[in-house]
Each structure stands twice: as structure tokens, then as C-alpha cells.
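**Q** The structure's right below; bear with me while I get my questions together.
The values are calculated or read from the model by the stated rules, or taken from the named source; none is laboratory data. Note that this is a predicted model, so its numbers are computed, not measured. Methodologically, a virtual Cβ is constructed for each residue, glycine included, from the backbone with ideal geometry; neighbour enumeration extends over all protein chains shown.
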Amino acid sequence: MSIKVVSIISRMNVGGPAVLLGDLIEGLNPFEFEHTLLTGVCRANEIDYLESHPLTGKAIYLPEVQRSVLPIKDIKGLFAMIAILRKIKPDVVHTHTSKAGVLGRIATRLAAPKAKVVHTYHGHVLYGYFPKFMTYLIIILERSLAKITDVLVAITSQVEDDLRSVRIGNSHQWRMIRLGIKIESLRNRAEARYALNIRSEEMTFLWIGRFAAIKNPIFALEAFKEFCGNNPRNYRLIMVGDGELKEDAEQFASDAKLQVDFVGWSNDVYKYLPAADILLLTSVNEGMGMVILEAATQNVPTLATNVGGVTEFIKDGETGFLSSLNVHEYAIKMKEIVSAPDLLSRTGKSARALVESEFSRELFVKNHVDLYRELYRPIKSA
């Protein structure tokens, strides 16, 4: 008899949570697990990950579930989840991302009270997102939701520590399951640069993410401007993504006369990663950043702001580089890295070795399979 698992996520937009969940679903043995995905819809300026990575299992879209807080639609989404869960009668429900974590856990307790509930924190919103009063309300909500959750999963120990510090969940509820990705083979760097019309002498920086305040794209441009100084000709920045700050970013680059390519969202980041010398991550808050691992598979190290759980992968000068959230310091770090090509090469290779040993997709899937089996045993024996 198979274990019925339902995954619920706010939306499968191209990004870390969607890639991770997609890999997890595809890694489940269909003879042991019967899986159903419930997902909200993407925004107009986002790409649905499932369009280019269709799942072999069942996926149900809930158009009422969207990223923004929309009370009427959220209530409709909650009732839609309840109806589906009552029909499926799941053994395990696993929620991902904030909106799905709220609606999905409430719906499960109302529709399938015997099901075990897991929620994964791919990061948190304790800073960088909302005013203090709103953050406090979110903490109160998460404390309440933790009481109806069997297992709370954090992708890094830093995420867990931050959430436990504000008394979300009990110690016995928490598990740490690291990110894991497919270890891509090394692509041909020369071919990748040729396809993007990058000259051999151009030092190329890459930024990938949502053009939103939390991802800090203007910071990346300010640092790039200071780094280039009066000679921007031999330096190029490629920015992959879209969002509400994209027009501001394009205007900044134009005014500063910087060589910046705004390429929009892409279903294949490996079109750009092999062509880059270094990845820039400038987030104000970050669980860890899936793109750091993706870059590492191509021997490309990351210069990241020292926030969230990034230090669980990046050790400064060993598997990447770290800077504070200060534009001047970040630009100085960029100059130091460029002036030491041997260090750049060495950190890139070390980053790939770390991905292979501790952040593989196989290990990520295994840890979840073990968790689902553990949760299912008490149900089966009851």
C-alpha cells in the first residue's frame, strides 16, 4: 500500500523552492508514494517552472491561491484545498512557502486530521520584508501554526536558529534538511560566452533573482558602478530575472552608462552560469540561495552578502566570498577577487567539491523519503 503524500506550495515560479520541490517529487518512488501537488498560480512577470519541467505525477492548480494577501481569494483557496484533501485522504501533507504554509496546514487539520503535517521553511521573513509590527503578527501566527504541525523543516541551521529564537516550534519538532541539486556536468565556457557575445577579455559578473527589494538588485548595480569606476568597458554584468524593480534597475544602468544585460527570466540558468566569472548575490535576507549551488556546479564561486544561511555553504576565500550589506565594501571585495584569478579558480573548484559531497539531489531526496516513512509508520500501526 503506497503512502499518499500531498505537497502544497504558493506557486511554482522559477526559483529555489520550485526546483527543490520538483526534484523531490520526481525522486519519489511511484511504487511507494502516491503524490499530488497543489499549487497556486504565478504572477504575470513570472515563469511557471512546470511549463519546462512537467511532473510525472498529478499537479492541481488553485487559481485562488496567489502570492499577495487577498482575503476573499484566500478563503476560496482554503475551501478548495479542504475539498481536495477530503477526497485524497493523505497520509502526509507537506507545505512549502508562507501562504501555502498557512492555508495548507489549516486545511489539512480540517479535512484530514489524521494526516501528518510537515512544513518547510525555505527562509523566513523575520527581517527585510515587513515593518516590525507586521513581523510580530507573523511570528504569532507561525507559533500557532507550529502547534498543528508535526515536523518543521529548515534548509539551514541558521534558519532554524532564527525561528527558534522567537519561540516558533519546540525542539523535538525541528529537522534540518539541506538543499540538494542535480550535479550538472561542466559546460563549455568558451561556447557559453560565444553564445552570449561576451568578449574573451571581458570580466563577467552574473546576478540571478527576482527584482524585488529583498533581493537587492539596485545594490548590485551600485556596487558594479563603483567597481567599474571610470573604465567600465572590460566589465559586464548580466542580470537574469524580472520583477517590480526591473525598470528602476534598467534606468540606473542607463544613467550610469554601465554594460548591463537585462535578459528577463530564463528556464535554463545554465545558459548563463558557465559564461560567468563570478555570481553576485546581494540579498537582504536569504535562506541560503539555490543559485549558489547551481553556480558551484560550474566552478563559478559566489560573492554574497553575509545574510541568512549563506555561510553554511560559503566560507570566505574558500568556497566563495562574503561581504557586509555595504556597497563600498562589496565593491572593494569585487576588486580583490578580480585581482586574484588563482583564488577565483580555486574557490570555484572547492565550491563544486562541496556541492558534490554534501548538497546532492540524491541526499536531499533520501532525507525526505526517510522522514515520510518515519511519519507514516505510526499512522499505519494505529
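**Q** Whether any residue in segment 189-199 is touching a helix residue (DSSP H, G or I) at 6+ places or on another chain (Cβ under 9 Å), more than 27 Å from ILE47 (Cα to Cα) and assigned to a loop (DSSP other than H, G, I, E, B) is what I want to check.
**A** Yes - at least one qualifying residue is present in segment 189-199.
**Q** Inside segment 350-377, can you point out the residues that are exposed (fewer than 13 other Cβ atoms within 10 Å of the Cβ), farther than 23 Å from ASN29 by Cβ and touching a residue at least 40 places away in the same chain (Cβ under 8 Å)?
**A** Listed by number, the list holds a single entry, GLU356.
**Q** For segment 77-93, state whether one or more residues are modelled with pLDDT under 95 and surrounded by 14 or more Cβ atoms within 10 Å (Cβ to Cβ).
**A** First pass over segment 77-93, keeping only residues modelled with pLDDT under 95: 77.
Of the ones still in play, those that are also surrounded by 14 or more Cβ atoms within 10 Å (Cβ to Cβ) are 77.
Yes, segment 77-93 has at least one match.
**Q** Looking at (1) hydrophobic (A, V, I, L, M, F, W, C); (2) part of a strand (DSSP E or B); (3) surrounded by fewer than 20 Cβ atoms within 10 Å (Cβ to Cβ), find the lone condition where PHE321 falls short.
**A** Against the list (1) hydrophobic (A, V, I, L, M, F, W, C); (2) part of a strand (DSSP E or B); (3) surrounded by fewer than 20 Cβ atoms within 10 Å (Cβ to Cβ), PHE321 comes up short only on (3).
**Q** Can you name every residue in segment 11-55 that is of a type in the set (S, T, N, Q) and over 14 Å from the mean Cα position of the chain (by Cα)? Even if it seems obvious, please write down each step before you answer.
**A** Residues of segment 11-55 that are of a type in the set (S, T, N, Q), as a first pass: 13, 29, 36, 39, 45, 52.
Across segment 11-55, the qualifying residues are ASN29, THR36, THR39, ASN45, SER52.
**Q** For segment 327-382, which helices (runs of 4 or more DSSP H) that fit wholly inside it have 3 or more residues that are closer than 18 Å to GLU34 by Cα? Lay out the reasoning, then the answer.
**A** Values: elements: 327-338, 341-358, 361-381.
Where helices (runs of 4 or more DSSP H) fall fully within segment 327-382 and carry at least 3 residues being closer than 18 Å to GLU34 by Cα, they are 361-381.
**Q** Within segment 33-65, which residues are among the acidic types (Asp, Glu) and in contact (Cβ under 8 Å) with a residue 60 or more places away in the chain? Show your work before the answer.
**A** If we filter segment 33-65 for residues that are among the acidic types (Asp, Glu), which is where we start, we get 34, 46, 48, 51, 64.
Those that are among the acidic types (Asp, Glu) and in contact (Cβ under 8 Å) with a residue 60 or more places away in the chain: GLU46, GLU51.
**Q** Output the residues belonging to segment 1-20 that are in contact with a strand residue (DSSP E or B) (Cβ under 9 Å, 6 or more places away or on another chain), within 15 Å of SER98 (Cα to Cα) and of a type outside the set (D, E, K, R). Outline the logic, then answer.
**A** Initial filter on segment 1-20 (in contact with a strand residue (DSSP E or B) (Cβ under 9 Å, 6 or more places away or on another chain)): 2-14, 17-20.
Keeping just the survivors that are within 15 Å of SER98 (Cα to Cα) gives 7-13, 17-18.
The answer is SER7, ILE8, ILE9, SER10, MET12, ASN13, PRO17, ALA18.
**Q** Next question. Which ones in segment 260-280 are without any contact (Cβ under 8 Å) to a residue 40 or more places away in the chain and hydrophobic (A, V, I, L, M, F, W, C)?
**A** Once the filter is applied, which keeps residues that are without any contact (Cβ under 8 Å) to a residue 40 or more places away in the chain and hydrophobic (A, V, I, L, M, F, W, C), segment 260-280 yields VAL260, PHE262, VAL263.
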